[in-house]
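Accompanying notes for the structure given below.
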Amino acid sequence: MHISVEWLREFCPAPLTAPQLRDLITARVATVEGMEALRTDLAPFVVARVVESGKVEGTKLSFNKVDDGSGTLLDVVCGAPNVTVGACYPFARSGTVMPDGLKIEKRKIRGHTSNGMLCSARELGLGQDADGILTLETDAAPGTPLLDVLPVGDVRLLVDVLPNRPDLLSHLGVAREVAAATRLPLGLPRALTSGTSVLVAVTVQGTGRAGGVTVTVDDAVGCPRYAGVLIRGVQVGPSPKWLAARVEATGGRSINNVVDASNYLLHAIGQPTHAFDAKRLSGDAVVVRRARAGETIVTLDGVERKLTPSMLVIADAERPVAIAGVMGGRDSEVTSRTTDLFFEVAYFAPSVVRPTRRALGLSTDASYRFERGIDRADVARALALGVQLIQAVAGGTVEGEPVDVAVAAPAPVAVRLTAARLARVLGIPVSVADAVRHLEAIGFTATAVDAVSAMVHAPSWRVDVQIEDDLIEEVARLHGYDAIPDELRPFRPGVVPDAADHVTAKRIRAALVGAGLHEAKPLPFVAGTDATHARVLNPLAEDEPHLRRSVLESLARRAEYNLSRMQGDVRLFEVGAVFTPREGSALPAERQMAGLLVMGDRRPAHFTDAKPPAFDAWDAKGLAEQLARAIAPHAAISFVAGDGDALWTVSIDGTPRGEVRAVALDAPVWASPAFGVELSIGDTPSAPIAPPGKHAWGTTPVAQSAAPAVRYRPLPTTPAAEFDLALLVPLALEAGAVEAVLRAEGGELLESLVLFDEYRGKGVPEGQRSLAWRLTFRHPDRTLRDKEIDGRRSQLLKALEKQLGVTARTA
Amino acid sequence: MTEITTLAAFRAAADELAASGPARIAAAATADELAEARNALVGRASGRLGALMKALAALPKEDKKAAGEAANTVKATLEALLDARGAALAALAPRGPAIDRSMPARAQWTGTVHPVTQVIEEIEAIFREIGFTVATGPEAESPWYNFAALNFPADHPAMDLHDTLYLGDEAVLRTHTSPVQVRTLQAWQPPIRVLVPGTVYRRDFFDPSHAPAFAQVEGLCVDEGISFVDLKGTLSHFARRFFGATKTRFRPSFFPFTEPSAEMDVACRLCGGRGCAACKQTGWMEILGCGMVHPSVLEAAGVDSARYTGWAFGMGPGRIALQRFGVPDIRLLYDSDVRFLEQFA
């Protein structure tokens, strides 16, 4: 909402500067997001001080040295009689364009150079005083913008009015709050009060007459109140200056006196109105009805619009002439040839205007207000004010009497306000009397006021107030949020346990950051297919309308992004949600995943290790182990070899949780291979906790502490015995199978089993490889004898040969 | 040197060289001086021994052998002394370190936590100190949890504040973390003090200051006797802990799910409150929206709004990260350029 400070002062004579008003409105009412000086033509002028002055012989001119803050004293010739050394004046530097359009240039006058102009009030458009240059009473440094020291011209405040306060979408509404905060009176501008005639509309139901026009409301739900008046003999023409200035101050453009009057009323009191050219209304009829299928209208903006039966229109005897509450039609527009007006003031229901506005994609000042709710009780007064204003600027006489087609308005909302609830919500004692005083200042009324409560009636324009806490908000902001103390008071700690997925994500982050990976947060949208991916129905980027099924998919695209920027060392991870469509449910299945991708050098180059090896599948397998341990500490992690790019399936406690993959990328030739891991953390349930209006207290399972107790094993007191086994293993036989036999036959004294070498090539028969394990044995109570170890060794070799056909490597 | 023509003269010259040489060698204090001495004494071309060897040619034939032996003896003596002195000087010379400690470490890759996560973790740490735990919820939500339960009237202009991405008639991508307020209130009997970090979605173009998916942190406190004073006290405490000693201000605002509603600003960190481009000349930075939980929200979750009251807030850690780290374009947070991410070590 654009608020003109000058105009605001016509409603409430608050002796506050524009910045003071900005701060007051922000603190008590609604945020002022910006402040604009409307005399932008004065923006280039600065404060300048005359440092030296001399007379030009034989003339009234003076030549002066002027400090304009630029650091260099300027020569300026001036014709004014009142140049005083040491005084400050408005100054136009060379190149400045004066309000009348003249450009100030550097020039020579009587042999003296002049680099700019010291200005009079008239030259600045600030009045008629041209007797001399304008002396500035200011301490501001030379070079300060003139507008900073001379608050001239109107200032526009940009007020961020939120959807609950349509009453603030007018100068009257904002002024009402300023008046309450400053305890100053609130009134209407002279332009709206200087008229003499007091019009009283005739209230009817269904249909009535305004002069020669028949007004019929067919749809009292969409239009519970419709007032109109016929004004004959108006002279449409340019607006008077004051009216055009008001229209322009609110960001509009002056069109003609009648249209401007309508816009003035909208921004003054928040009531949208519309003037039709009465001669263009076929059949002298105005009908408020739903549009008929197939009807169209060309609106004021020149666009032909298709109407549907859900839309409310104003029609004459034949066709729609306006879309109710949204925009008028071009055929019945007021033009310079218009002499007779049908002037409309109505209340259109938000439930009708909003869908129409959305369907047409046409938001106007009027629809914006109707959608939020205007003051239904103010329609008749607005009509009278409008007629008065039109007659003042365009003349004309009212034919017959205005008509007000209305159904009974709902009773005003009455809410009991209690001192107890005030104190409970605000945390400070506020007396009912103080609360009522605050509320009355903005138009509420109170009955049955006593020490503990009052019955409070909301004014007709406060459509947002429904419950006691709404009143408490009014009291709190009028009291001032800043006047409520910000002290820490005793509290009970919460009983909600930490969400398991959040705790897990923290462990994952610690582990993978420790492993040298960077956490990434890519956008979760991808180009998928409707069959496999959950689809966003109204995506912004049509090329990526789906939600991802995989975190690794996002990381792969991010790796490609890095490769395209010549970054080949990519180590990324993410903990995030993935989605898969679910049969019979609009909500997709949602799951938290942890993914990682590594490629490039395994460690930074060093002078001892100029070309470190690149990440390989074994690194990825190791990172998968780390990740799995972070997801489920102490759980059993197992790997099953996969096919092709799927290197391993990873299971935690026997349940498959994800994969280790070779990741295929759109990569340049110099890039190293990429490897990825993606494991599931767990499903995120989206089912309701309880039905609407109900809770499910006591039924939520309390998660057990995640970590099973670690049991201490006594430290060994006896020496270990170890030996190596180098075996010839067929290529088709997995090392894991060999290990299984070693473990089974090694017995309980086998403490550890480490595969430490693999060799293929010379000295190893075709179709085989050499694998070497180091086995460590330990007896808990005594030293193992050499004979026992040797026996164990030959027993193992026998078992291997018998079960797997594997023999020791002898060469 | 005088002409040497006899063996005796040769011997005398050799003896003299043998006698004076050691002092000259001992006097050499540096490797350079020693090299000079070596040259002067035993040098083949210009040294004194060289001169003796040349004189050998002038001696009678029968004396040559004896003279040669004498010269060799002197040469051996002097060279031994020269070598010894050389060794001694080398031992004295300042020795370079065994290893050059200016050379770089054998480093490991340094991983980093995403800057937005860093901000969330810091917020979380402050609220943990005052009794909050962390709750989470689904990102794909029902319209009831995302809107209706939070007191958004159906098809009301308040909905325009949330440009929603729809998955279906009965499914949206949550536009805020506030649905988790309702889920938490349904699941647990107060006292409730939870923080809800999470990803939320809006139908916003991906540009320097907007993203269609971004992080939000919600806070919810519900118990008996919780008031606006608790809201102001707790959030001001947070602001002081997070931003350092700073002024806060609370402005009236509107959210369907809070009543009264407010926004909290802190004095602009860049200009100290005087007004600058970053704070749009207001001297204040918007930090979060907050308010007392609307009774309708409590009732929607089955909580008795006459018995319990509460407050809630929501803020954007992404925006705070941009300010805090001086990042000019929000898209940098999503691009995952490793050169960007590694700066946050």
Rounded Å value of the spacing that divides the Cα centres of the stretch B:139-200 and the stretch A:259-285 = 42
key: Unit Cα scatterers, Debye sum, the stretch B:81-142: log10 I(q)/I(0) for q = 0.20 Å⁻¹   = -0.96
Within the protein assembly as shown, helix-based [θ] at 222 nm, where runs of 4 or more DSSP H residues each add -39,500 (n - 2.57), nearest 500 = -9000 deg cm²/dmol
task = Counting only C-alpha contacts under 8 Å and six or more residues apart, can you give the relative contact order of the stretch B:1-154 as a whole percent?
result = 22
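Using alpha carbons only, what's the Rg to Rh ratio of the stretch B:1-155 with Rh from Kirkwood?
On the way: Rg = 43.9 Å, Rh = 23.5 Å.
That ratio is 1.87, to two decimals.
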task = Determine the alpha carbon to alpha carbon distance for each of A:Lys60/A:Lys108; A:Lys506/B:Lys247; A:Lys521/A:Lys611 and list only those over 24 Å.
result = A:Lys506/B:Lys247; A:Lys521/A:Lys611
query = With each pseudo-label sitting 7 Å past Cα toward Cβ, what's the A:Asp619-A:Thr207 distance in nm, one decimal?
reply = 8.6
inquiry  = Would you report the distance distribution of C-alpha pairs in the stretch A:36-193 as whole percents per 5 angstrom bin, up to the bin with the largest distance?
reply    = 2, 8, 15, 17, 16, 9, 7, 7, 6, 6, 4, 2, 1, 0, 0
query = What is the gain in length, in nm to one decimal, between A:Arg760 and A:Ile428 on full extension, counting 0.36 nm per residue of separation less the C-alpha to C-alpha distance?
reply = 111.2 nm
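Which whole-number percent of Cα pairs in the stretch A:245-329 have a distance greater than 16 Å?
On the way: 2036 of 3570 pairs.
Taking all Cα-Cα pairs of the stretch A:245-329, the fraction more than 16 Å apart is 57 percent.
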key: Cleavage-rule hits (trypsin sites (Lys or Arg not before Pro)) in the stretch B:213-258: DSSP loop, at most 16 neighbouring Cβ within 10 angstrom   = B:Lys247
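As an exercise, use a Förster radius of 51 Å and the Cβ-Cβ distance of A:Thr339 and A:Arg122 to find the FRET efficiency, rounded to the nearest 0.05.
Efficiency for this residue pair is about 0.80.
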query = Which whole-angstrom value gives the distance between the alpha carbon centres of the stretch B:230-247 and the stretch A:390-416?
reply = 50
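Can you give me the convex hull volume of the Cα atoms of the stretch A:478-557, divided per residue and expressed in Å³? Numbers along the way, then the final one.
Details: hull volume 21.3 nm³, N = 80.
Dividing the Cα hull volume of the stretch A:478-557 by its residue count gives 266 Å³.
As an exercise, find the ratio Rg/Rh for the stretch B:157-223 from alpha-carbon atoms, using the Kirkwood inverse-distance average for Rh.
On the way: Rg = 13.9 Å, Rh = 13.3 Å.
We get a ratio of 1.04 for the stretch B:157-223.
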task = Return an integer: the convex hull volume of the alpha-carbon atoms of the stretch B:115-344, in Å³ per residue.
result = 128
remark   = In degrees rounded to 10, the 0-90 angle between helix B:115-129 Cα long axis and the longest Cα principal axis of chain B is 70
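For the stretch B:7-92, with all protein chains present and a 1.4 Å probe, just round the carbon and sulfur fraction of the accessible area to a whole percent. Numbers along the way, then the final one.
Working: 2850 of 4810 Å².
Roughly 59 percent of what the probe reaches on the stretch B:7-92 is carbon or sulfur.
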request  = Enumerate the whole-percent occupancy of each 5 Å bin, from 0 to the last occupied one, for all C-alpha pair distances of the stretch A:321-463.
outcome  = 2, 8, 13, 14, 14, 12, 11, 9, 7, 5, 3, 2, 0
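Antiparallel as a % of all DSSP beta bridges within chain B, to the nearest 5? The partial results should precede the final answer.
Numbers: 41 of 43 bridges.
In chain B, DSSP labels about 95 percent of beta bridges as antiparallel.
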message = Under the rule that an exposed site lies in a DSSP loop and has at most 14 other Cβ atoms within 10 Å, name the longest stretch of chain A with no GluC sites (Glu not before Pro) of that kind, not counting the sites themselves.
response = A:138-317
Zone of A:Asp75's modelled label, taken as backbone nitrogen in the stretch A:104-126 under 15 Å from a point 7 Å along Cα→Cβ = A:106-117
task = Could you give log10 I(q)/I(0) at q = 0.19, 0.22, 0.31 Å⁻¹ for the stretch B:268-309, computed by the Debye formula over C-alpha point scatterers of equal weight, without solvent?
result = -0.56, -0.64, -0.94
key: Total formal charge among the other residues, if their Cβ is under 14 angstrom from that of A:Leu157, Lys/Arg +1 and Asp/Glu -1   = -2
Spatially proximal aspartates and glutamates relative to A:Lys279 (Cα-Cα < 19 Å; intrachain offsets below 8 disregarded) = A:Asp316, A:Glu318, A:Asp331, A:Glu333, A:Asp340, A:Glu344, A:Glu399, A:Glu401
note = With the stretch B:127-262 reduced to its Cα atoms and the Debye formula applied, log10 I(q)/I(0) at q = 0.14 1/Å amounts to -0.74
query = In 10 Å bins starting at 0, how do the alpha-carbon pair distances of the stretch A:273-404 split up by percent?
reply = 12, 43, 36, 9, 0
ask   = Build a GNM of chain B with springs between Cα atoms under 10 Å: which of B:Cys276, B:Cys221, B:Cys290 gets the top mean-square fluctuation?
value = B:Cys276
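Find, among the trypsin sites (Lys or Arg not before Pro) in the stretch A:156-200, those assigned to loop by DSSP (not H, G, I, E, B) with at most 13 other beta-carbon atoms within 10 angstrom. Walk me through the numbers before you get to the answer.
On the way: sites: A:Arg156, A:Arg176, A:Arg183, A:Arg190; in loops: A:Arg183.
Those that pass, being in a loop and sparsely packed, are A:Arg183.
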inquiry  = Per residue, how big is the convex hull of the stretch B:7-92 when only Cα atoms are used? Give it in Å³.
reply    = 67
request  = Round to a whole angstrom and tell me the spacing of the C-alpha centers of the stretch A:361-387 and the stretch A:159-204.
outcome  = 13
message = So for chain B, averaging the separation of alpha carbon pairs under 8 Å that are six or more residues apart and normalising by length, what relative contact order in percent results?
response = 15
Partners for A:Lys787 among lysines (Cα-Cα distance below 17 Å; same-chain residues under 8 apart left out) = A:Lys798
ask   = Out of A:Gly396, A:His695, A:Phe756, whose Cα points farthest toward the positive end of the dipole of the protein assembly as shown (charges: +1 Lys, Arg; -1 Asp, Glu; placed on Cβ)?
value = A:Phe756
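Dividing the Cα radius of gyration by the Kirkwood radius, what Rg/Rh value follows for the protein assembly as shown?
On the way: Rg = 45.0 Å, Rh = 38.3 Å.
Rg/Rh: 1.18.
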ask   = Within straight cross-link reach of A:Lys694, meaning Cα distance under 12 Å, which aspartates and glutamates are found once same-chain residues fewer than 8 apart are removed?
value = B:Glu299, B:Asp304
ask   = Relative to the compact globular guide of 2.2 N^0.38 Å, what is the alpha carbon radius of gyration of the stretch A:594-708, as a ratio?
value = 1.48
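Within chain A, what's the longest stretch lacking chymotrypsin sites (Phe, Trp or Tyr not before Pro) that sit in DSSP loops with no more than 13 other Cβ atoms inside 10 Å? Let's see the in-between values first.
On the way: sites that count: A:Phe607, A:Trp670, A:Tyr712.
Answer from the scan: A:1-606.
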note = Note on the stretch B:7-92: contact order normalised by length, alpha-carbon pairs under 8 Å, 6 or more apart, percent, works out to 38
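Tell me, what is a quarter of the convex hull surface for the C-alpha atoms of the stretch A:763-804, in nm² with one decimal? It would help to have the intermediate numbers written out before the result.
Details: hull surface 17.1 nm².
Averaged projected area of the stretch A:763-804's Cα convex hull equals 4.3 nm².
For the stretch A:662-811, what number results from the quotient of the Cα radius of gyration and 2.2 N^0.38 Å?
Details: Rg = 25.3 Å, N = 150, 2.2 N^0.38 = 14.8 Å.
That works out to 1.71 for the stretch A:662-811.
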ask   = Modelled label-to-label distance, A:Arg292 and A:Asp781, 7 Å Cα→beta-carbon offset: nm?
value = 10.8
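The values are calculated or read from the model by the stated rules, or taken from the named source; none is laboratory data. Please read these numbers as outputs of a predicted model, since none were measured by experiment. Counting neighbours? That spans all protein chains shown, and the Cβs are built from the backbone with ideal geometry, glycine included. Remember, those area values only see protein heavy atoms, side chains included, never the ligands or the DNA or RNA. Shrake-Rupley method; radii C 1.70, N 1.55, O 1.52, S 1.80 Å.
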